[in-house]
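Trainee: Dumping the structure here so I can ask a few things about it.
The values are calculated or read from the model by the stated rules, or taken from the named source; none is laboratory data. Here the structure is a predicted model, which means the values were calculated and not measured. Cβ placement follows ideal geometry from the backbone for every residue including glycine, while neighbour counts extend to all protein chains displayed. The accessibility values were calculated without ligands, DNA or RNA, using every heavy atom of the protein model including side chains. Shrake-Rupley method; radii C 1.70, N 1.55, O 1.52, S 1.80 Å.
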Amino acid sequence: EVGGADPGSSKTERRYERSSGKPKVVSSIPSGGPSAFDAKQALYAFDWAVAVDTNSLTAGDTRYGVCFSHYAQMPPRGFTGNIVYRPLGAFLVTGIDKAMNPERIGWFLTLKHHLAPHQAHMEKIAVVVDSELGLHRAINSREIGYYEGHLLPHNITMVYASTDKDKETLQGVMLRACDRGSRRILDELRRTGPLPVLSPN
């Protein structure tokens with residue numbers, strides 16, 4: 001690992017070069033202190049990991065999204081066993097504007113309703129997502145909000161993992177589980193119908 005770096009000045013990133021020549025980032029974990037070279041170990045610098053993923057569909061004139069999350073407590077440094085992660089919760093969002101990224105709504109709902117009540121006792125939290133990687137540096141440095149004007153709380157860092165490519169790290173596995181959970185809820189809503197609609201008021 002790299003020691004002595006200023007908080008936020010280093011990160012552990014896995015990527016590969018696509019046939020187009022553009023790199024595909026598989027995992028990106030900012031460091032708040034020592035920065036591990038291994039993406040699997042880099043997440044262990046945090047005390048908790050919360051993965052959040054949102055899938056959406058449009059029915060009629062209404063856009064829907066289902067956000068699903070899992071959480072895990074990080075083990076001590078040097079741990080090499082299996083880590084248990086558990087479902088945290090899900091939200092159904094209706095009437096999403098076409099210009100809005102539903103992922104960011106899911107982040108806001110998860111932080112506000114699931115993390116805020118316990119945040120003071122959770123120490124360092126990694127929120128794992130698969131969207132808006134280009135904005136992560138500004139979001140993590142609190143230059144911009146993660147959702148509209150809402151800045152990340154001081155003990156939360158946004159971490160990136162690719163839902164379709166990161167199959168080896170805890171952050172990737174948790175995010176893929178969120179994706180499956182979200183899709184299953186959407187499939188069930190389609191099957192049972194009808195989807196809820198917004199009141200004209």
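Trainee: Report yes if some residue within region 117-128 is closer than 30 Å to Asp61 by Cα and either surrounded by 16 or more Cβ atoms within 10 Å (Cβ to Cβ) or of a type outside the set (Lys, Arg) (or both); otherwise report no.
Mentor: No, region 117-128 has no match at all.
Trainee: Out of curiosity, is Arg137 open to solvent by less than 60 Å² (accessible area, probe 1.4 Å), part of a helix (DSSP H, G or I) and basic (Lys, Arg)?
Mentor: no
Trainee: Return yes when Val173 is crowded, with 16+ Cβ neighbours inside 10 Å, in a strand (DSSP E or B) and of a type in the set (Val, Ile, Thr) and no when it is not.
Mentor: no
Okay, residues lined up against (1) surrounded by fewer than 17 Cβ atoms within 10 Å (Cβ to Cβ); (2) among the hydrophobic types (A, V, I, L, M, F, W, C); (3) closer than 15 Å to Val129 by Cβ:
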residue	(1), (2), (3)
Ser28	no, no, yes
Phe46	no, yes, yes
Asn55	no, no, yes
Cys67	no, yes, yes
Gln73	yes, no, no
Ala90	no, yes, no
His113	yes, no, no
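Trainee: In addition: Assess whether Lys98 counts as being under 17 Å from the mean Cα position of the chain (by Cα) and open to solvent by 80 Å² or more (accessible area, probe 1.4 Å).
Mentor: Considered against the rule, which asks whether it is under 17 Å from the mean Cα position of the chain (by Cα) and open to solvent by 80 Å² or more (accessible area, probe 1.4 Å), Lys98 comes out as no.
Trainee: When region 49-93 is examined, which residues are found to be small (Gly, Ala, Ser) and either assigned to a strand (DSSP E or B) or in contact with a helix residue (DSSP H, G or I) (Cβ under 9 Å, 6 or more places away or on another chain) (or both)?
Mentor: Hits for region 49-93 are Ala49, Ala51, Ser56, Ala59, Gly65, Ser69, Ala72, Gly78, Gly89, Ala90.
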